[in-house]
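Structure first, commentary second.
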Amino acid sequence: MADSDVSTKLFDAVKAGDQSRLQDLLRDKATLSILDERDAEGFTALHHAAIQNGRIAELLLAAGADARACLLYTSPSPRD
């Protein structure tokens, strides 16, 4: 699976709040390698999860997502 495919699936699962699909994705090393990748707006998957779904955010943090990652264009991090 290409990185862009993995990234799309990761962001889609997070935005949909789909815990089962996210857990499946997090078992794949390719997903773990892009946890802190940013979308076109500068958000990581954790940023989206922090806004929408606490349980999804917990799964991402447990998998190693960086809670201190700041937005590209502003300073808030997912933990702020």
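The values are calculated or read from the model by the stated rules, or taken from the named source; none is laboratory data. Please read these numbers as outputs of a predicted model, since none were measured by experiment. Cβ: placed from backbone, ideal geometry, glycine included. Neighbour counts: every protein chain shown. Protein only, heavy atoms only, side chains kept; ligands, DNA and RNA dropped before computing areas. Shrake-Rupley method; radii C 1.70, N 1.55, O 1.52, S 1.80 Å.
Sorted by accessible area with a 1.4 angstrom probe, largest first, how do Lys9, Lys29 fall?
On the way: Lys9 95, Lys29 165 Å².
The ranking, largest first, comes out as Lys29, Lys9.
For the stretch 17-58, what does the accessible surface come to per residue with a 1.4 Å probe? Please give it in Å². Don't jump to the answer; show the numbers that get you there.
Working: 2250 Å² over 42 residues.
Averaged over the residues of the stretch 17-58, the accessible area is 54 Å².
When the dipole is taken about the Cα centre of the stretch 19-64, and only Lys, Arg (+1) and Asp, Glu (-1) are charged at their Cβ, what size is it in debye, to the nearest 20? Provide the component values of the computation, followed by the final result.
Numbers: 5 positive and 7 negative charges, 34 e Å.
Magnitude of the dipole: close to 160 debye.
Can you give the accessible area of Glu41, probe radius 1.4 Å, in Å² rounded to 10?
Ignoring ligands and nucleic acids, Glu41 comes out at about 110 Å².
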